[in-house]
Amino acid sequence: MNEQFPVPTEDQLDNLGAGCFVRINEDKDCFWVEIDGEEGGLLTGIVHPELASGDCECSRESNERVAFSREQVKFVGCDRYCFC
């Protein structure tokens, strides 16, 4: 299943914050994260593997906390998981 999500605009990337859901790509891995803050220029959040779709692998654990850059954001969950 290859669901369609909005590709983030520059404005959306600049305005990402707590409560937004984003899909992160790391090499062959991808996963949805609920953003909970920012530390040292990186966004931080909690992994939600239950939101995974069949078009990529999620090797992360539920509730794992991760840090990532805005450049790693592949999709935003606007209007489905959060409002952007």
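The values are calculated or read from the model by the stated rules, or taken from the named source; none is laboratory data. Quick caveat, the model's predicted, so the values are computed rather than measured. When we count neighbours, we look across all protein chains shown, and the Cβ atoms used for this are built from the backbone with ideal geometry, even at glycine.
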Response to the item:
Scanning the stretch 1-38 residue by residue, those assigned to a loop (DSSP other than H, G, I, E, B) and either exposed (fewer than 12 other Cβ atoms within 10 Å of the Cβ) or polar (S, T, N, Q) (or both) turn out to be 1, 2, 3, 4, 7, 9, 15, 27, 28
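To keep it simple, each residue is scored yes or no on (1) of a type outside the set (Gly, Ala, Ser); (2) touching a residue at least 12 places away in the same chain (Cβ under 8 Å).
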| residue | (1), (2) |
| --- | --- |
| 19 | no, yes |
| 31 | yes, yes |
| 37 | no, yes |
| 44 | yes, yes |
| 59 | no, yes |
| 62 | no, yes |
| 67 | no, yes |
| 71 | yes, no |
| 77 | no, yes |
Discussion item. With the requirement that a residue be charged (D, E, K, R), within 22 Å of residue 9 (Cβ to Cβ) and assigned to a strand (DSSP E or B), what does the stretch 57-74 give you?
Written reply: 74
Discussion item. Can you say whether residue 67 is surrounded by fewer than 16 Cβ atoms within 10 Å (Cβ to Cβ), at pLDDT 90 or above and within 11 Å of the chain's Cα centre (by Cα), as far as the supplied structure shows?
Written reply: yes
Response to the item:
Of the candidates 77, 41, 54, 37, the one satisfying the condition of being closer than 19 Å to residue 10 by Cα and more than 13 Å from the chain's Cα centre (by Cα) is 41
Item to complete: Can you tell me which residue within the stretch 39-53, out of those that are part of a strand (DSSP E or B), out of contact with any Leu (no Cβ under 9 Å at 6 or more places or on another chain) and of a type in the set (A, V, I, L, M, F, W, C), is surrounded by the fewest Cβ atoms within 10 Å (Cβ to Cβ)?
Response: 42
